[in-house]
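Each remark here refers to the structure printed beneath this line.
Bear in mind these aren't lab numbers, they're just calculated from the coordinates by the rules spelled out. Remember, predicted model here, so these are calculated numbers, not experimental data. All Cβ positions, glycine included, derive from the backbone under ideal geometry; neighbour counts span all protein chains shown.
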Amino acid sequence: MAAAVMAARHGLSVALLDERPSAGGQIYRGVEDGPFRNTSALGSALGADYQQGARAIASLRAADVTIYFGTSLWRIDMAETGGVVSYSHDGVSRRLAFADLVLANGAIERPVPFEGWTLPGVMGIGAAQLLLKTSAMVPAGRIVLAGNGPLTLLFASQLLGLGVEIAAILDTSPSRFGLSAALANFSGLLRNFDKISRGLRLMRDIGRAGIPVHRNVSSLSASGGDRVDAIRFEADGTHHQLDVDMLLIHEGIIPNTQLSRALGCAHVWDDRQKCLRPDIDGFGESSIAHVYVVGDGAAINGAIAAPASAEMAVGRILERMGRSDDRSRATLRRASATLARERAFRPFLDALYPPHISVAAPSDTTIVCRCEEVSAGTLRSAINDGAIGPSQAKAFTRCGMGACQGRICGPIVSQMIASETGQPIGEVGTYNVRFPLRPVTVFDMARCGRDDEQSEGHEHAG
C-alpha cells in the first residue's frame with residue numbers, strides 16, 4: 001500500500017495486485033471488511049495499531065492506483081527493461097506489463113514440526129489471529145499457547161481482552177534471562193523504549209490473569225483421536241502432561257520467498273534470524289534489475305519498517321526516472337531514519353526469542369510434509385541413501401510435491417538435511433520454485449492476455 005501510494009502521488013502509472021479480497025494485508029486484515037470495522041469496543045481489544053490501519057487503507061483508496069483484489073499471480077516473465085505478470089482475476093487470466101516490480105509478499109509463520117502437529121485443534125497462533133480478525137472467531141475450551149515471540153504475548157493479551165480463558169502458556173525461549181541480549185543491543189533499546197514498555201504491559205496482562213506459564217519448554221508432543229486432547233512437554237527438566245482442546249503454536253515468522261525464488265533472485269541465509277531471505281541492496285533492489293523486495297518478504301523487521309522499506313524502493317525508482325523532487329527526498333530521509341530505528345531493535349528480539357522446537361530434530365514418526373504425509377523417518381532414510389539436497393529429497397520421497405509446493409515443509413527439509421549431513425544450512429539451500437505458482441489450466445495459459453486491455457502493450461511504471 002505504501003509503495004503504491006507514494007508512486008501514484010508522484011505521477012507514476014501504478015497497478016496493485018493483491019491476493020486478498022480487500023486492503024490491509026496480514027497486519028490490517030479485516031480493517032476494511034472484517035467484523036471489527038464498526039465495533040470500536042471489540043476492535044480496541046486488537047490494539048491501537050490494528051485500528052490505525054484504516055488510515056493507510058484510506059490513503060490507498062484515495063490514490064490513483066489500479067487495484068486488482070482477489071488476484072492469483074501465477075507467472076512473471078522478466079526482460080531487460082521490465083517484464084510481464086500473468087495472473088487470474090474474476091475467473092479470467094490476464095497479462096500486465098511493467099517497468100518496475102515491487103514485491104511485498106510478507107511473511108509466513110515458521111513451521112514448528114512435532115508429534116501431533118497435524119491433528120485438528122493444533123494450529124499456528126498467527127493463523128488463529130487471522131481467524132479473529134476476519135471472522136471474530138476465538139478458540140474455545142482448554143486453550144494452551146506454546147512458543148515464543150511478541151505475537152504470542154500479543155495474542156494472549158487479545159484473547160484475555162475478549163474474555164477468553166487460557167489454560168497455560170508454554171514458553172519455549174531459552175531459560176537464560178535476556179539481560180545479555182539487552183546489554184548487547186543497549187543503544188537499539190533506547191531508541192525503541194516504547195516497544196519495551198508495550199512488551200512489559202503485555203506480560204503484565206498475562207501475569208494479572210493468573211495464567212500458568214511453563215518456561216524453557218522442549219520435547220513438545222500432542223496426541224488425540226479425531227482431534228488433539230492432550231499434550232506432553234518438558235519444562236525446566238520436569239515432564240508434564242496437560243489435557244487440552246486446542247494448542248496454538250508460534251516460534252516467529254520467516255520471509256515468504258516463494259515468488260522471489262521463482263524469479264531467480266539471489267538469496268542468502270540469515271543466521272541471526274535463522275531463515276532464507278532475498279539478497280537486496282539498501283533500497284530493496286534484488287539481484288535482478290527493476291525487481292524490489294520490501295517489507296517482511298525481504299527481512300523480518302516488523303510492520304512499522306515495512307512501509308518505510310517500500311518508500312525507499314519507490315524513491316530509488318523515482319530517482320532513476322529523473323522524477324525525484326524535494327518531497328520524495330524528504331520521504332526518503334524519514335523512511336531511512338525509521339528503518340534504522342526499527343532494525344536497531346531486531347537483534348534484541350532475535351536474541352531473546354530464538355526458534356527452539358522448530359529447529360530441534362523431529363522424531364521419526366513426526367510428519368514433515370503435511371501434503372504428502374512424509375514422515376521425518378522417511379526423510380532421514382532418503383538422506384542416508386544419498387538425498388543430500390532438497391531437490392533429491394523431493395525426488396526420493398515426494399516431500400514438497402503437494403498443494404503448498406513446499407512452502408511449509410521446505411524449511412524443515414533444509415534444516416533436517418543440514419543436521420543429518422553436517423552441512424551448513426546456507427549451503428544446503430532449499431527447493432527450486434518454478435512457475436506457475438498457482439494452479440491454472442492450460443486453456444487459461446494459452447489465452448492469457450488476448451482479451452485484456454491491459455496486456456503487454458500497456459505498461460505500468462510500477
Fill in: Using alpha-carbon coordinates, inclination of helix 409-421 to the longest axis of the chain, degrees
60
Worksheet, complete the sentence: Net charge (Lys, Arg +1; Asp, Glu -1) of residues whose beta-carbon lies under 11 Å from that of TYR50, TYR50 excluded, is +2
Practice prompt. Between ARG447 and ARG208, with labels modelled 7 Å along Cα→Cβ, what's the label distance in nm to one decimal, could you check?
Written response: 6.1
Fill in: Positive-end extreme of charge dipole, the stretch 111-251 - chosen from ILE196, GLY163, ILE143 (charges on Cβ)
ILE196
Item to complete: Kindly provide log₁₀ I(q)/I(0) values, in the same order as q = 0.19, 0.21 Å⁻¹, from the Debye equation applied to equal alpha-carbon scatterers of the stretch 56-179.
Response: -1.10, -1.23
Practice prompt. Please give, to one decimal in nm, the separation of the simple spin-label points placed at ARG201 and ASP326, each 7 Å out from Cα toward the Cβ.
Written response: 3.8
Worksheet, complete the sentence: Expected vector for the stretch 155-170, Karplus 3J(HN,Hα) from phi with 6.51, -1.76, 1.60 and θ = phi - 60°, integer Hz, x for Gly and Pro, equals 5, 4, 5, 5, 5, 4, x, 9, x, 8, 7, 10, 6, 6, 10, 9
Worksheet item: Say each of ALA79 and PHE186 gets a label point 7 Å from the Cα, pointing the same way as Cα to Cβ; how far apart are those two points in nm?
Response: 5.7
Worksheet item: Applying the Karplus parametrisation 6.51 cos²θ - 1.76 cosθ + 1.60 with θ = phi - 60° to the phi angles of the stretch 251-258, what ³J(HN,Hα) value in whole Hz is obtained for each residue in order, glycine and proline being reported as x?
Response: 9, x, 10, 9, x, 7, 9, 4
Worksheet item: Helix 193-208: angle to the longest alpha-carbon principal axis of the chain, degrees 0 to 90, nearest 10?
Response: 40
Practice prompt. Give the cross-link partners of LYS274 among the lysines, using a straight C-alpha distance below 26 Å as the criterion and excluding same-chain residues fewer than 8 apart.
Written response: LYS195, LYS394
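Mind sorting CYS399, CYS371 by how few other Cβ atoms lie within 10 Å of their own Cβ, fewest first?
Fewest-to-most ranking of CYS399, CYS371: CYS371, CYS399.
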Fill in: Histogram of C-alpha separations across the stretch 208-287, 10 Å bin width, %
14, 29, 20, 21, 16, 0
Practice prompt. Could you work out the longest stretch of the chain that avoids the GluC sites (Glu not before Pro) located in DSSP loops with at most 11 other Cβ atoms within 10 Å?
Written response: 81-452
Response to the item:
The long-range amide H neighbours of VAL374, using H built 1.01 Å from N in the peptide plane and a cut-off of under 5 Å, are VAL368, CYS369
Worksheet entry | Most positive-pole-ward Cα, SER358, VAL413, THR152, against dipole of the chain from beta carbon charges | THR152
Practice prompt. Apply the Karplus parameterisation 6.51 cos²θ - 1.76 cosθ + 1.60, with θ equal to phi minus 60°, to every residue of the stretch 266-272 and state each ³J(HN,Hα) to the nearest whole Hz, in sequence, with x for glycine and proline.
Written response: 5, 10, 10, 8, 9, 6, 6
Worksheet item: Quick one: length gained pulling ASP194 to ALA54 fully straight, 0.36 nm per residue minus the C-alpha distance?
Response: 48.2 nm
Worksheet, complete the sentence: Neighbours of GLN258 by Cβ distance under 12 Å: Lys/Arg at +1, Asp/Glu at -1, summed charge +3
Worksheet item: DSSP beta bridges in the chain, what fraction antiparallel, as a percent rounded to 5?
Response: 60
Discussion item. Quick query: amide H of ALA230 versus all other amide H atoms, modeled in the peptide plane; which residues come in under 5 Å with a sequence gap of 5 or more or a different chain?
Written reply: SER223, VAL244
Worksheet item: Considering only the other residues whose Cβ falls under 9 Å of the Cβ of CYS409, what net charge follows from Lys and Arg at +1 and Asp and Glu at -1?
Response: +1
Item to complete: Scan around ALA146 for amide H atoms under 5 Å from its own, H built in the peptide plane at 1.01 Å from N, and keep only partners 5 or more places away or cross-chain.
Response: LEU170, LEU248, ILE249, HIS250
